[in-house]
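Everything below concerns the one structure shown next.
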Amino acid sequence: MLGRKLKEPQPDTPTDSLALGSGRTAALFRLTGTFILLVIVMFISVEGWRAWRDYRQAYASAEDSVTNLARATAQHAEDAVRQVDVLTSVLSERVEGDGLDRMDVPRIHALMVEQAKIMPQLHGLFIYGPDGEWIVTDKEATPEITNNADRDYFQYHRTHTDRSVRIGDVVKSRSTDEPIIPISRRLNNPDGSFAGVLLGTIRVNYFVNYYGDFKIDDKGALVLAMRNGTILVRRPFDADVIGRSLADSEIFTRYLPRSNEGVADVKAVVDNTHRLYGYRALDSYPLVVEAGLSRESFIGPWRQDLIKTGLVLLVLIAGLGWFGIIVLGQLRQRIAMEREIRRAHETVREMALTDSLTGLGNRRRLDMVLELEMRRAKRQGSPLALIMLDVDHFKRFNDTYGHAAGDGCLERVAGAIGKALRRPADLAARYGGEEFTVLLPDTDGAGAGNVAESICQAVRALAIPHADHPAGIVTVSAGVASTSAADEVTAAGIIKAADACLYMAKSSGRNRWYAVREQQEPRESTTVEQDSPGSG
């Protein structure tokens with residue numbers, strides 16, 4: 001009998017013959033269909049990669065542009081303010097040194113006129129007395145209203161002893177009736193009392209004209225704002241926008257608190273236009289600049305090219321599809337129903353045995369496989385081990401980070417468990433909630449302990465933050481139960497034994513594993529032994 005040559009299996013019935021022929025036809029269909037599909041996938045992959053590369057290049061180029069724009073406008077604003085800052089500092093020292101009551105007004109006036117001529121951003125220079133009256137200015141004519149005690153900057157300096165320069169919100173000049181940005185300093189008497197205010201003003205139009213020289217798209221925007229979000233200048237210029245607050249915008253609420261400069265893809269609060277912004281907070285002054293390009297300016301050309309490429313690709317795929325329909329039409333008619341039935345059956349079966357969140361086996365698959373492996377272990381006299389795992393303090397994790405983060409945590413833990421298994425016969429399943437089970441055929445207690453330790457280490461290595469956990473990261477506890485040929489343990493018994501060990505691991509401080517020493521019924525299965533050299 002042993003020396004007889006084995007014959008190729010022959011079909012016993014017409015149904016078997018049809019099934020065999022259908023299998024060969026299906027194989028030919030798959031081979032031909034796979035070839036056509038590979039060609040199509042190759043075209044799609046190449047064009048998809050090219051489209052993605054072009055998108056990233058367009059996006060990166062836009063990021064570079066807005067970053068450079070933000071740096072240029074920030075440097076321009078800082079230089080403009082610094083010049084006025086230095087000038088007012090020098091003037092304040094001279095005025096305070098001479099004393100306001102002994103100040104040479106004609107000389108100071110001439111100096112102010114000279115400085116105003118060489119500083120294009122400067123609208124004017126003014127010195128006010130303690131009552132707010134004009135003392136000297138660079139202007140030749142004096143307006144009807146010569147008292148500025150009602151101005152915000154004057155009231156600030158009168159009640160604050162801070163000697164540093166102060167940048168105020170945009171106001172309308174009383175001498176020229178144009179919008180200006182006030183930059184002011186407090187003047188003191190020799191005894192430290194309030195002596196007045198030294199004011200330098202910058203034209204808003206100075207920034208508007210500068211921003212107008214940049215070549216950006218029609219929906220682009222350049223903004224100069226206070227650190228508190230108040231808009232000082234904006235391109236495109238709109239007088240009604242000046243003074244509005246950006247404090248609730250994403251850049252001010254999400255990005256600036258984390259970094260003084262960067263790139264943000266956000267929607268503007270002023271006009272609801274989606275832009276890519278480069279932003280930068282000045283180091284020396286409480287100012288922020290934003291330079292934005294509308295997404296349409298750099299995504300639009302890429303989209304048009306993508307549409308053209310897509311149309312060509314669709315024509316090509318349509319041609320291949322037409323060819324495939326002709327070649328595979330008859331084959332498809334013969335096996336379509338069988339394939340659909342088989343696919344539906346496999347899909348339903350897989351869905352019924354797989355946990356939808358983690359991708360591991362579910363409780364039903366565990367019960368089915370455990371019964372089969374228990375019978376095989378008894379029949380062959382081989383060992384069998386089961387590990388029950390539980391994510392430590394998972395309810396606290398959900399309460400702290402939310403259920404979405406909890407689902408993500410379970411997915412990562414499941415992935416770590418799956419990677420710790422080395423053999424195809426090993427089965428990892430989600431037992432329920434945050435509990436997992438690992439079935440290890442042909443494995444004794446020592447081997448199962450090694451696997452449990454590997455899983456614990458793998459989960460710790462994920463370093464998933466867990467603020468409400470003593471270890472500061474997500475960990476698992478595990479219980480290990482095993483059987484041998486001499487044991488009379490049922491499937492329910494080994495599960496209860498592993499669960500008892502898991503309970504002991506969690507009661508002993510978590511982040512460790514315990515193993516059963518003797519494998520009997522549930523009453524004795526609580527006899528456990530700690531074996532976790534890596535427990536913390």
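The values are calculated or read from the model by the stated rules, or taken from the named source; none is laboratory data. All values derive from a computational prediction rather than experimental measurement. Here Cβ is always computed from backbone atoms with ideal geometry, including for glycine, and neighbour counts include all displayed protein chains. Heavy atoms of the whole protein, side chains included, go into the accessibility calculation; ligands, DNA and RNA do not. Shrake-Rupley method; radii C 1.70, N 1.55, O 1.52, S 1.80 Å.
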> Hey, got a sec? Which trypsin sites (Lys or Arg not before Pro) in region 373-453 land in a DSSP loop and have at most 13 other Cβ atoms within 10 Å?
Replying inline: Arg422
> Between Thr34 and Ala60, what is the FRET efficiency for a Förster distance of 41 Å, r being their Cβ-Cβ separation, to the nearest 0.05?
Replying inline: 0.65
> If the label point is 7 Å along Cα→Cβ of Thr161, which residues in region 175-194 have backbone nitrogen under 15 Å from it?
Replying inline: 186-194
>> What is the sum of charges, Lys and Arg at +1 and Asp and Glu at -1, for the other residues whose Cβ falls under 15 Å from the Cβ of Gly310?
In response: 0
> Among all stretches of the chain without exposed GluC sites (Glu not before Pro) (DSSP loop, at most 10 other Cβ atoms within 10 Å), which one is longest?
Replying inline: 145-487
> Points 7 angstrom from Cα along the Cβ direction at Ala463 and Glu133: gap in nanometres?
Replying inline: 7.0
> Just the accessible area per residue of the chain, please: how many Å² with a 1.4 Å probe?
Replying inline: 53
> Counting only protein heavy atoms, what percent of the accessible surface of the chain is carbon or sulfur at a 1.4 Å probe?
Replying inline: 54
> Counting pairs of alpha carbon atoms under 8 Å apart in space and at least six apart in sequence, what relative contact order in percent does the chain give?
Replying inline: 10
> To the nearest 10 degrees, how steeply does helix 295-353 sit against the main Cα axis of the chain, on a 0 to 90 scale?
Replying inline: 20
> Suppose every K and R has +1 on its Cβ and every D and E has -1 on its Cβ; what is the size of the dipole of region 240-286 about the Cα centre, in Debye to the nearest 20?
Replying inline: 80
>> Please give me, ordered by residue number, the trypsin sites (Lys or Arg not before Pro) of region 246-315 that lie in loop per DSSP and have at most 14 other Cβ atoms within 10 Å.
In response: Arg258
>> Could you give the length gained by full extension between Leu357 and Asp191, i.e. 0.36 nm per residue of separation minus their alpha carbon distance, to one decimal place?
In response: 52.3 nm
> Tell me, in nm to one decimal, what length is gained between Trp52 and Leu372 on full extension, where the rule is 0.36 nm per residue of separation less the Cα-Cα distance?
Replying inline: 110.3 nm
> Once every DSSP H run of n ≥ 4 in the chain is given -39500 (n - 2.57) and the sum is divided by its residues, what mean residue ellipticity at 222 nm do you get, rounded to the nearest 500 deg cm²/dmol?
Replying inline: -17000 deg cm²/dmol
> Farthest toward the dipole's positive end in the chain, which of His157, Ser193, Val41, given Cβ charges of +1 (Lys, Arg) and -1 (Asp, Glu) about the Cα centre?
Replying inline: Val41
> Put a dot 7 Å past each Cα toward the Cβ at Ala344 and Asp104; how far apart are the dots in nm?
Replying inline: 10.4
>> Please give me the summed charge of the neighbours of Asp499: other residues whose Cβ is under 10 Å from its Cβ, Lys and Arg +1, Asp and Glu -1.
In response: -1
> If you place +1 on the Cβ of every Lys and Arg, -1 on the Cβ of every Asp and Glu, and leave all else neutral, what size is the dipole of the chain about its Cα centre, to the nearest 20 Debye?
Replying inline: 2300
